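Notes follow once the structure below has been shown.
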Ligand SMILES: [Zn+2]
């Protein structure tokens, strides 16, 4: 992993490069920030940069030396990882070591893969993955031996907020009386949950949410997303690449949702009660959770239509297909009915989430749309 592979975070990269240039690599460093912005990728790029034998003038690992090659095949003997795991047998200890196959699969999946992806790969059943007390000794053992291939031994701990107290105490000793040429590199989504004794003793580098334009460009370049759709997704993702890529997955759903939204509004306008009855039965056949997503989608479309109607186009975030319909439909959403429609939509979603009969709730909702569109 090179710095240049990671979109954005230029000042963070410069700070990390400067530590190496000044030969002032801290013993314990924390990369902290929200989920889905590339912190683990940054930790890996930094580790490779530290180990690289031939760094480029631009401040990148060369990608060609032995250390870089070992990094790129996830085999560098002086790089270790600790991460949340679960106990396969309840009566014996478990160590990260036993989960390296899963971990390598995780590392070679998407750069922005995060905890949900890890849980999917790890497959812990109902257990919550954590970093166990026993891992503390395992970590000390790994970093206390002489390094093999490079000067620095690097231990990347992903999600220290999931570390048990005893393990943290072990590391604390190491942070207070550090070994030479050893870097503990923490990567945290929720730094407020890290033990304060640890948190106060590490050097911290904050990483911020990604700018919308950067997410937009990534979706277009990497996933060939249509630009207007990418802009809408980037807006909804609120600076998290993981969220944006997740939205791409539901995009196929949204095409169908848009179809049902169009049907609802056309039939409500035509006072086609029979059509609305069929509509409510079809939507009720969605699974409960999907029904909730659809109603969320409806509320968003209503808001977008209202904003469109007000003429503030730069505040609109819609795919091209959504805009094609809403640009014609928007005169029907105005200051007299917009709150009522959104409230009714939220109420229908709530009723369905509480196990009410979805067919009845949706038909009732559809009938109310007939009235609302005449307001
Ligand atoms: Zn290199």
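The values are calculated or read from the model by the stated rules, or taken from the named source; none is laboratory data. Treat the numbers as computed from the prediction; the structure is a model and nothing was measured. Reconstructed Cβ throughout: ideal geometry from the backbone, glycine too, with neighbour counts over all protein chains shown.
Could you say whether any residue in region 20-36 is within 13 Å of the ligand (Cβ to nearest atom), farther than 14 Å from residue 156 by Cα and either in the same structural domain as residue 184 (by TED's automatic domain parsing) or surrounded by 22 or more Cβ atoms within 10 Å (Cβ to Cβ) (or both)?
As a first pass, look at region 20-36 and keep what is within 13 Å of the ligand (Cβ to nearest atom): 20.
With farther than 14 Å from residue 156 by Cα added as a condition, the list becomes 20.
This time we only want the ones that are either in the same structural domain as residue 184 (by TED's automatic domain parsing) or surrounded by 22 or more Cβ atoms within 10 Å (Cβ to Cβ) (or both), so: 20.
The answer is yes, given that some residue of region 20-36 is within 13 Å of the ligand (Cβ to nearest atom), farther than 14 Å from residue 156 by Cα and either in the same structural domain as residue 184 (by TED's automatic domain parsing) or surrounded by 22 or more Cβ atoms within 10 Å (Cβ to Cβ) (or both).
List the number of the failed condition for residue 135; all other conditions in (1) in contact with a helix residue (DSSP H, G or I) (Cβ under 6 Å, 6 or more places away or on another chain); (2) over 16 Å from residue 185 (Cα atoms) hold.
It fails just one condition, (2).
Does residue 96 count as over 28 Å from the mean Cα position of the chain (by Cα), assigned by TED's automatic domain parsing to the domain that holds residue 151 and surrounded by 14 or more Cβ atoms within 10 Å (Cβ to Cβ)? Give the steps one after another, and end with the answer.
On the way: over 28 Å from the mean Cα position of the chain (by Cα): no; assigned by TED's automatic domain parsing to the domain that holds residue 151: yes; surrounded by 14 or more Cβ atoms within 10 Å (Cβ to Cβ): yes.
So residue 96 does not fit the description; no.
If I filter region 147-181 down to residues being at pLDDT 95 or above and assigned to a helix (DSSP H, G or I), which single residue comes out as surrounded by the fewest Cβ atoms within 10 Å (Cβ to Cβ)?
161
Pick out the one residue from 144, 188 that is closer than 25 Å to residue 104 by Cα, at pLDDT below 90 and assigned by TED's automatic domain parsing to the domain that holds residue 106. Steps first, answer last, please.
Numbers: 188 fails: at pLDDT below 90.
When all the criteria are applied, what remains is 144.
For region 74-93, does any single residue satisfy the condition of being part of a helix (DSSP H, G or I) and either in the same structural domain as residue 14 (by TED's automatic domain parsing) or more than 12 Å from the ligand (Cβ to nearest atom) (or both)? First the steps, then the outcome.
Here is the first cut: in region 74-93, the ones part of a helix (DSSP H, G or I) are none.
Looking for residues that are part of a helix (DSSP H, G or I) and either in the same structural domain as residue 14 (by TED's automatic domain parsing) or more than 12 Å from the ligand (Cβ to nearest atom) (or both), one finds none in region 74-93, hence no.
Quick check on my filter: what residues within region 1-38 are assigned to a loop (DSSP other than H, G, I, E, B) and within 20 Å of the chain's Cα centre (by Cα)?
Residues of region 1-38 that are assigned to a loop (DSSP other than H, G, I, E, B), as a first pass: 1-2, 6-9, 22-27, 33-38.
Of everything in region 1-38, those that are assigned to a loop (DSSP other than H, G, I, E, B) and within 20 Å of the chain's Cα centre (by Cα) turn out to be 1, 6, 7, 8, 9, 33, 34, 35, 36, 37, 38.
Residue by residue through region 56-72, note down the ones that are more than 7 Å from the ligand (Cβ to nearest atom) and either assigned to a loop (DSSP other than H, G, I, E, B) or buried (at least 19 other Cβ atoms within 10 Å of the Cβ) (or both). Give the steps one after another, and end with the answer.
We begin by selecting, within region 56-72, every residue more than 7 Å from the ligand (Cβ to nearest atom); these are 56-60, 66, 69-72.
Within region 56-72, 56, 57, 58, 59, 60, 70, 71 meet the criteria.
Just to check your reading of the model, which residue among 276, 258, 219, 247 is part of a helix (DSSP H, G or I), touching a helix residue (DSSP H, G or I) at 6+ places or on another chain (Cβ under 9 Å) and at pLDDT 95 or above? Working first, answer last.
Values: 258 fails: at pLDDT 95 or above; 219 fails: at pLDDT 95 or above; 247 fails: at pLDDT 95 or above.
Exactly one residue qualifies, and that residue is 276.
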